[in-house]
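Q: Quick one: the structure is below, and I'll ask about it shortly.
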Amino acid sequence: MAGLLLAGFALLGTAVLSATQWHSAPYIEANQRQFLLDSLSVVIPPGSFDNDLIGDSVELADPPLLGIDGPTPVYRARLGDTVSAVAFRVVAPDGYSGDIELLMGVRADGQISGVRVISHHETPGLGDAIEVRRSAWIKTFTGRSIGDPGDAGWRVKRDGGQFDQFTGATITPRAVVKAIRKGLTFVARHRDVLFFAPRGEQPPTMAGAPTGKQGARLP
């Protein structure tokens, strides 16, 4: 009898949990979508697009430049029928304490429209100055391009470049500068697909490609 009671409670608990998950799933999905939209609007400022950023994307894979195995979404901002900017993730694998994941936006003219740190494990009080809440350092990349400051300038000042490092923490900003430079190279390399492929059309080499191992990602 006791066994039957326990089994009954277990089934009841499972039913309640399933019902709760079913009921809350739409709200979770809506919250995740809004979080993604809010994140994209930071690196692609409102007013520079009039489309649904999430609904207009292509998937591309370029592990050497993005630091991500397998295809990853690139969100496209449009004004009318013209792609004005793109936003995507790029991972710096050589942070002081591991991967540093960034979200960056690049305009059609090749200039950075914004960069933000999504996740990292850098040392509090030192490497975490890459976060916008800790310093304005990450904002100094806005308006930069491959040619500004040029190959020699895309380094921290300690290495002869133009970007500040942090006192007691050079590895972290060095990794971020390198990753952002690779992100710009990614956009230049795949420019035809990113800015000119029709809505809903995936690159032939990527459509249906296996996803593979993914890094941490936005919802």
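The values are calculated or read from the model by the stated rules, or taken from the named source; none is laboratory data. In this text, all values refer to a predicted model and were calculated from it rather than measured experimentally. When we count neighbours, we look across all protein chains shown, and the Cβ atoms used for this are built from the backbone with ideal geometry, even at glycine.
Q: Filter region 157-176 down to residues that are crowded, with 22+ Cβ neighbours inside 10 Å and of a type in the set (A, V, I, L, M) and give me whichever is nearest to Phe88 (Cα to Cα).
A: The residue in question is Val176.
Q: Let me spell it out: the conditions are (1) closer than 23 Å to Lys178 by Cβ; (2) outside any strand (DSSP E or B), and Gly55 meets all of them except one. Which number is the exception?
A: If we test Gly55 against (1) closer than 23 Å to Lys178 by Cβ; (2) outside any strand (DSSP E or B), just (1) comes out false.
Q: Now for a separate question. Ser48 fails exactly one of the following numbered conditions: (1) within 23 Å of Ser145 (Cβ to Cβ); (2) at pLDDT 90 or above; (3) touching a Ser or Thr at 6+ places or on another chain (Cβ under 6 Å). What is the number of that condition?
A: The single condition Ser48 does not satisfy is (2).
Q: Mind counting the residues in region 153-179 that are within 19 Å of Gln111 (Cβ to Cβ) and without any contact (Cβ under 8 Å) to a residue 12 or more places away in the chain?
A: Total satisfying the criteria: 1.
Q: Among the residues in region 64-81, are any crowded, with 18+ Cβ neighbours inside 10 Å, aliphatic (A, V, I, L, M), within 18 Å of the chain's Cα centre (by Cα) and in a loop (DSSP other than H, G, I, E, B)?
A: Yes: region 64-81 contains one or more residues that are crowded, with 18+ Cβ neighbours inside 10 Å, aliphatic (A, V, I, L, M), within 18 Å of the chain's Cα centre (by Cα) and in a loop (DSSP other than H, G, I, E, B).
Q: Another question about this same structure. It is to be established whether one or more residues within region 80-100 are among the polar types (S, T, N, Q) and farther than 16 Å from Val43 by Cβ.
A: So in region 80-100, the residues among the polar types (S, T, N, Q) come out as 82, 84, 97.
After this cut, where a residue has to be farther than 16 Å from Val43 by Cβ as well, the list is 82, 97.
Yes: one or more hits.
Q: Can you tell me which residue is nearest to the chain's Cα centre (by Cα) among those in region 167-219 that are of a type in the set (S, T, N, Q) and at pLDDT below 60? Break it down into steps so the answer makes sense when it comes.
A: The first filter runs over region 167-219 and keeps only residues of a type in the set (S, T, N, Q), leaving 167, 170, 172, 185, 202, 205, 211, 214.
So of that shortlist, the ones also at pLDDT below 60 come out as 205, 211, 214.
Numbers: Thr205: 22, Thr211: 16, Gln214: 12 Å.
That would be Gln214.
Q: Write out, first by first residue and then by second, each pair whose Cβ atoms fall under 6 Å of each other, whose residues are 6+ apart or on separate chains, and whose first residue, in region 118-132, is touching a residue at least 24 places away in the same chain (Cβ under 8 Å) while the second is of a type in the set (Phe, Trp, Tyr) and assigned to a helix (DSSP H, G or I).
A: Ala129/Trp137
Q: Also, quick follow-up: Determine, yes or no, whether Gly153 is more than 16 Å from Thr185 (Cα to Cα) and in contact with a Gly (Cβ under 8 Å, 6 or more places away or on another chain). Before the answer, list the steps.
A: Working: more than 16 Å from Thr185 (Cα to Cα): no; in contact with a Gly (Cβ under 8 Å, 6 or more places away or on another chain): yes.
When the stated conditions are applied, Gly153 does not pass them.
Q: Hey, can you tell me all the residues within region 100-126 that are polar (S, T, N, Q) and modelled with pLDDT under 95? Spell out the reasoning first.
A: Filtering region 100-126 down to residues polar (S, T, N, Q) leaves 111, 113, 119, 123.
Listed by number, the residues that qualify are Ser119, Thr123.
Q: Out of Val132, Val90, Val86, which single residue is touching a Lys or Arg at 6+ places or on another chain (Cβ under 8 Å), under 30 Å from Phe195 (Cα atoms) and part of a loop (DSSP other than H, G, I, E, B)? Walk me through it before giving the result.
A: Numbers: Val90 fails: part of a loop (DSSP other than H, G, I, E, B); Val86 fails: part of a loop (DSSP other than H, G, I, E, B).
The match here is Val132.
Q: Any residue in region 81-109 that is more than 30 Å from Gly125 (Cβ to Cβ) and touching a residue at least 60 places away in the same chain (Cβ under 8 Å) sitting within a Cβ distance under 6 Å of a residue that is part of a strand (DSSP E or B) and of a type in the set (S, T, N, Q)? List the pairs, counting only those 6 or more apart or interchain.
A: Within 6 Å, the pairs are Ala108/Ser84.
Q: Being under 22 Å from Arg144 (Cβ atoms), aliphatic (A, V, I, L, M), part of a helix (DSSP H, G or I) and in contact (Cβ under 8 Å) with a residue 12 or more places away in the chain is the requirement here; does Val42 meet it? Can you show your working first?
A: On the way: under 22 Å from Arg144 (Cβ atoms): yes; aliphatic (A, V, I, L, M): yes; part of a helix (DSSP H, G or I): yes; in contact (Cβ under 8 Å) with a residue 12 or more places away in the chain: yes.
Judged against the criteria, Val42 is a match.
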